[in-house]
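For reference, the structure is listed below as structure tokens.
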Amino acid sequence: MSAILTRVEGEGEVQLIIREGSLIGVEVKITEPPRFFEYLVKGRRVIDVPDIVSRICGICGVSYILTAVRAFEKGLGIEPLEEVEEVRLAILGAERVKSHILHSYYLHLPDFFNTGSLPELVDRNPLLFNHASRVLLWSRKAMEVLGGRFHNVVNVRIGGIYGFPKLDNVVKLLKEMPSVFNSFKYMANAVLSLENIAMDEQRLKLMAVYDGSKYPCIAESIYVSYGSRERAVPVSDFEKIVRCEQVNYSNALRYKLIEGLEYVVGPLARFNIGYRHLSGESKDMLNSYGWRPPLKNVFQSIIARVAETLDTLIYLRDFLENYREPSGSPACEKLEPKPGTYIAATEAPRGVLYHRYEVDDYGRVRYSNIVTPTAQNQASMEAVIMSALEGGALSREKAVEIAQRVIRAFDPCISCSVHSIRVEFRSIDDAK
Amino acid sequence: MIFMMYEGSVRDVGKLLSMLSSLLNLKVVGLKYVNKSFTYGELGSIEELPLSVEDVQAPSSYKLVEEGASARFRHSFPSLKYFLYPPAQEVLYIDKDFGLREAKVDYGNIALFGIKPCDLYSMRVLDGILMNRDPYYTSARSSVKVVVVEECVKPSNVCFCGSVGTGPGVSSGFDVAFARLSNGVVVFKSGSSIGADLLKRLNVKKAGDRTVAEYGEAMGEALKSTKVLPELNALTNALEKSINNVELWNKVSKKCVACSNCNMVCPTCFCTEFFDEAELDGSARRLKKWHGCLSYSYGLVAGGHFRPKLYMRYRHFILHKFLFYPRQVGLIGCVGCGRCITWCPLGVDIRETLWEVFKSVG
Amino acid sequence: MRKASVGVFKLTSCSGCINELIYALVKHPELLKLIEVKYFTELQDVNELTELDVAVIEGSSIRGEHEEVLKKIRGLSKVLISMGTCATLGGVQSLRVGVDVNEVKKYVYPSPEYVDAYSDVKAVSELVQVDLSLRGCPVNGDALASIIKKIVVGGWPVEVYESLCAECKRAGIECVVVTKGIPCLGPIVSAGCGALCPSFGRGCYGCYGIKDKDIDVGKVFEMGEALEKLGLSKEDFHSLLKGYSMSLVKSLKT
Amino acid sequence: MLAKPLTPLPAVVTGVIDEAPLVKTIYVALRDFPEPAPGQFNMVYARGLGEVPISVSDAFRRGDRLVIAHTVRSVGAVTKHLTTFIEVGSQVGIRGPYGRGWPLEGMEGMDVLIVGGGIGLAPLRPIIRYVEARRDSFGRLFILYGARTPHDLIYKHELGKYTEIPNSVVKVSIDKPYEGWTGYVGFVTDLIDRIDLDPSRTTAYVCGPEVMMKVAVRRLASRGLKADKMFLSLERRMRCGMGVCGTCQFGHYFVCKDGPVFSYDELMNYLWVDGI
């Protein structure tokens, strides 16, 4: 039996394989059609790559842009001005706020309120809706002021940005911040005081882009926590510590650690790995509701999202308060791509995002490999669903519902993951 | 008409500017050059005028160079209509009970400062169409109480005001005109009793013979450099004859991609479009925006199109300026500023078009 | 007033336009009271494919099933809207058009035989009649809200076809081509974004697609020539056209 | 100058008549509104959607109010709304009356020839009313009217009554044969050759699609009518109605304020130029 995934970004299905009354397997399938992004960037100028890969995802395009930008800048030895880097991180931050609010409130929260749709949740709790909307709408303005638009921002380029945000726009954003914090806290309260978040320990292996100096975001190392032990490798060794596998039932490309273990990327991983770097204010807020690391269950990801949102809002406030429109050039003018390999990894809202590009003698992309967070989480998604359903004598409807909830807790970004996952189209008719 | 001429320095220009606000209590408005960008707005001081930069213009190219005291600025893309007839205005709010609230334009009392002869002329052209008809223009325009013009001693590569008789000097429609000669001397002349009074209070001395001669020579040179088109009557006759020559109009509009930049920068283009914003409670807003005749929508109606081909719209742009405007308002509609040449991203040059038409059918 | 029944469907795309639609609903929650959402998997669990007043399609078609689904939706809908550049013109995935899809599959997938896609990428209007086309990668959520409002109150948007340059000039932005020599597709690209890229000092790369009413091969060629002088090669110009204006590029042949 | 030249006057719809497929006549009643002359038009505003220029197809006093008829064909966003959603009691906005109408004063004693195509009869109807009210002042009244099919004829209930006007000739045509149609089949302009026309004492008033008007002009000229005795009502994109938005330009004319009615000799230089 299978069901279309709802309240996720993109289109997918979950299939529960039942033999003689007991569950023997779970398949999370992506029904999203392929767009062949690795092929789309083939032959393109390096400078064009960020805008193309931005279109992989309708929520977290900035992460794609910045990962590509980072890869080429690193490889070409370009170091943008500090002010420029701050603007870019602020855009990334605004995107993280947007993504987390979208997911937590619009897609995920209905699960905790036992409603099946956003309109129903709005009906039931209009005040919560208003507050969540205020934060989301502000994040949109922030993205517009800093990056040009809500997604597929236009202001980030290899070597810097295209233009510095206008000071008066920044001032306007800043003016709204107190009410944004206020609204966020209302929403955070609603989430942090939820009493139906699963608490059982799932013994997850976690991975994040992390170098020990700041909360996982952009760094040169990949950090893996196995629970009892941990390891860190340079980003350039990422492809050595994971393995890409295909399983016979779906031929989906999925990622596991080289030892064969499934792992989790995303807010939960970042939170457990980087908790100590969170601001005091964020920690205090969590602690006052009794939340402390480590978070042990994927359903608790929403707690990590709330913490990250607050932390990011604090970062943005500091940025906006200290912003002065610089007079220098927003980007290094000369860009002369050399042949070679360009690699970077960043933390997209959903987790580790890895890009590798091979550039030919003409400065054009010859080959690329883009590993998205959802592709990495897929094995874990199935494993967690499996363990959540094991042994229970659940009705089919209930089983599907639980499976859906697990998947939503991961916040899968299906449109981004599809380019590396085998696709099996199910027509809408069948789904009915 | 013979004007009394005075001579002074750039300092006197600054003094004149402050007199307008201190003495006549006017808001002084001009093309400001602040933070490396141009906008029409209230001038706090003469420092906000582009006095030490020079625009180097060519088809599809505009560069500003810092030239210090010898710099002579002509224009950038915003013409006077950006101020008098803004690109977008809310005109009406209709509430859910069909109650109407009109937008008001109140500019106070204004002195236009440092505008160029071509832009001064464009105001007369727009007056012919909009004055006492469009309430917003009428209101904005009526607020203009004093006009101070800077004559162009050094026109740019795209200027052809001399060909259409709109510049580089002025002879009417202004209160004070000044010209900055290359030696730093500024020549003032008054065009009205207010102007005469202002110059008297400015306490500038009567221009000496040498200054008068230098001024005459400079303006003569400027006029010569901007006389680049065929003689006007012959040109308009040729345009009249060309109307039906589809092949010719297709040829001269070959490079045009209908982007309407020329319409937007043209100081006499006034076409507008109205837009409605509906609200769910039944209320609505009505907005007015510039619309260019090169754009596809121009001539489009539900169920048909009166100018479906690009050459037709390009032809209208040209004919309107040279043939139709004179019949509509009694003035030539092209002021010869050359903005449409500079700001055309494909470098379509109206002078070439006119010559082409002239040669083909003239 | 009877609530308008609405369905939102996704073909090949990134969900970005759907997110703009969600933004429009968040910004104007009163809209939710005037529409009945019948199908919208990103918003609700229970979805049914039924008769609709308005169907909104995101994304382009890359295989036969898409065409069937589209035809079915068309048959059920009074008004069909193609939302965004993918649905309206093909979208970024069209960059692969012109190459045998088997080549493309092999390049990306280890088991290409499992991937179902044809060599073409088709805009919605290539397959079914479209009542309203909205461009943009992504479509602008505020414009979207404004249009939905008009439709909900029983109206229809009055369309104006003009170049991005018109918006750019009205906004008082200095032309990047003329002042900085930066290649910009604005002159041949449809208005709609508010001249976003030029407002950041950058040339338009055409994500709203080229104009469809007054552009022919000759004009595209003229634009290409002008851009080449500014340093954008023909090849890269064509990529931009393919990536954001594919269905128009197809119709420009001749 | 009007005090509020761009502001419509709110008006309540007092009647809606189905004329033909996609065509309705909408009546509004207004106080303090100038009486339109035959051939003038109003800007009709649908709130939140936009304004369209619509010819006045009838106007009469009822008590202290002026009732004005606008015959609207559903072709665009606004007209579609007007013909679909507007009903008795709905509110619309009206500005006007605008433009130069049909020249009737000074034409006394002349034969009046009306040539209408499709919805083009709408602005011509006030001429019929005018002549009927002053029947003795004018010579013969010819009404030539054509539409695509019998269904597309407007004012069906009235067409028969026109024959009752003394000294009138009414001829109606449809473009292609249609079951049950016994009248003339062909273009309305063909009818020009089928009437007894005295060119020296006839004024022609023509309105319809531009191609039809061009044919009419040719036919009328071949029958000996002078250019200054033929009048045409033009259609263009119009946004303001008073010569400021510029979108209705036709040659050097603003169709909204210099027209919409022009004599053929005024148009001669432009009418045959494609897209001028």
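Here is how the numbers come out for the structure above:
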item: 5 angstrom amide H check on B:Leu92, placed H, neighbours 5+ away; result: B:Ala103, B:Arg286
item: Exposed trypsin sites (Lys or Arg not before Pro) absent - longest run of chain B, DSSP non-H/G/I/E/B, at most 13 other C-beta within 10 Å; result: B:105-362
item: Inter-probe distance in nm under a simple model that places probes 7 Å from Cα toward Cβ, at A:Ser228 and D:Lys161; result: 10.1 nm
item: Environment charge of B:Val301, counting only residues whose C-beta is closer than 12 Å and scoring Lys/Arg +1, Asp/Glu -1; result: +3
item: Karplus 3J(HN,Hα) series, Hz, for segment C:159-173 with 6.51 cos²θ - 1.76 cosθ + 1.60 (x for Gly, Pro); result: 8, 10, 9, 8, 7, 3, 3, 4, 5, 4, 5, 4, 6, x, 8
item: Under-5 Å amide H pairs with B:Val34, H placed in peptide plane, nonlocal only; result: B:Thr39
item: Cα gyration tensor shape for segment C:4-152, rounded if a/c is under 1.5, else prolate or oblate; result: prolate
item: Unsatisfied cross-links (Cα-Cα over 29 Å) in the set B:Lys288/C:Lys27; A:Lys166/C:Lys27; C:Lys78/D:Lys171; A:Lys166/B:Lys32; C:Lys38/D:Lys80; B:Lys63/B:Lys227; result: C:Lys78/D:Lys171
item: Average beta-carbon neighbours from other chains, 10 Å sphere, peptide C:175-186; result: 5
item: Estimated FRET transfer efficiency (D:Val12, D:Tyr270; beta-carbon r; R0 56 Å; 0.05); result: 0.90
item: Within segment C:39-55: backbone nitrogen closer than 19 Å to the A:Asp123 label point (7 Å, Cα to C-beta); result: C:39-49
item: Long pairs among A:Lys98/A:Lys141; A:Lys175/B:Lys104; C:Lys105/C:Lys242; C:Lys149/D:Lys24, criterion Cα-Cα beyond 21 Å; result: A:Lys175/B:Lys104; C:Lys149/D:Lys24
item: Sparse-neighbour loop sites [trypsin sites (Lys or Arg not before Pro); segment A:12-45; at most 14 other C-beta within 10 Å; DSSP]; result: none
item: Aspartates and glutamates whose Cα lies under 12 Å from that of D:Lys4, excluding same-chain neighbours fewer than 8 positions away; result: B:Glu102, B:Asp134
item: Per-peptide average of other Cβ atoms within 10 Å, ordering C:115-124, A:59-68 highest first; result: A:59-68, C:115-124
item: GluC sites (Glu not before Pro) within segment A:9-110: DSSP coil, no more than 15 neighbouring Cβ in 10 Å; result: A:Glu20
item: Chain B: relative contact order as a whole-number percent, Cα under 8 Å and 6+ apart; result: 22 percent
item: FRET efficiency estimate (nearest 0.05) - Cβ-Cβ, B:Ala196 to C:Asp142, R0 60 angstrom; result: 0.65
item: Neighbourhood net charge (9 Å Cβ-Cβ; Lys/Arg +1, Asp/Glu -1) for B:Pro87; result: +4
item: Tilt relative to chain C, helix C:16-27 - C-alpha long axis, 0 to 90 degrees, to 10; result: 60 degrees
item: Rounded tilt (10° steps) of D:210-222 against the dominant C-alpha axis of chain D; result: 30 degrees
item: Charge context of A:Tyr210, other residues only, Cβ under 12 angstrom, K/R +1, D/E -1; result: 0
item: Hits among aspartates and glutamates - C-alpha to C-alpha of B:Lys36 under 14 Å, sequence gap 8 or more where chains match; result: A:Glu325, B:Glu47, B:Glu48, B:Glu54, B:Asp55, B:Glu66, C:Glu174
item: B:Val56 long-range amide H proximity, modeled H, under 5 Å; result: B:Lys63, B:Leu64, B:Val65
item: Simple spin-label estimate for A:Ser279 and B:Ser21 in nanometres, 7 Å along Cα-Cβ; result: 4.1 nm
item: Spacing of the two label points (7 Å from each Cα toward its C-beta) at D:Glu108 and B:Asn233, in nm; result: 4.5 nm
item: Averaged over B:251-259, number of beta-carbon atoms from partner chains that fall within 10 Å; result: 6
item: Whole-Hz ³J(HN,Hα) from phi, Karplus 6.51 cos²θ - 1.76 cosθ + 1.60, for segment A:209-223, glycine and proline x; result: 7, 7, 10, x, 9, 8, 4, x, 7, 10, 7, 9, 10, 9, 10
item: Hypothetical label at A:Lys185: residues of segment A:262-295 whose amide nitrogen lies under 11 Å (7 Å Cα-Cβ projection); result: A:285
item: Table column - 3J(HN,Hα) (Hz), segment A:51-56, Karplus curve with 6.51, -1.76, 1.60, x for Gly and Pro; result: 5, 6, 5, 4, 7, 5
item: Mean separation of Cα contacts under 8 Å, 6 or more apart, over the residue count of chain A: relative contact order %; result: 26 percent
item: Neighbouring partner chain Cβ atoms per residue of D:230-241, average, 10 Å criterion; result: 3
item: Segment D:148-239: trypsin sites (Lys or Arg not before Pro) in DSSP loop, at most 16 other beta carbons within 10 Å; result: D:Arg148, D:Arg223, D:Lys226
item: Anisotropy class of segment A:341-391 from Cα gyration tensor, a/c 1.5 cut; result: prolate
item: Pairwise FRET efficiency - B:Glu42 versus B:Glu217, Cβ, R0 = 25 Å, nearest 0.05; result: 0.10
item: Between segment B:221-266 and segment C:87-107, the Cα center-to-center distance that results, in Å; result: 44 Å
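Quick note: the coordinates plus some simple rules give every number you see, no bench work behind them. Here the structure is a predicted model, which means the values were calculated and not measured. Heads up, the Cβs are rebuilt from the backbone with ideal geometry, glycines too, and the neighbour counts pull from every protein chain shown.
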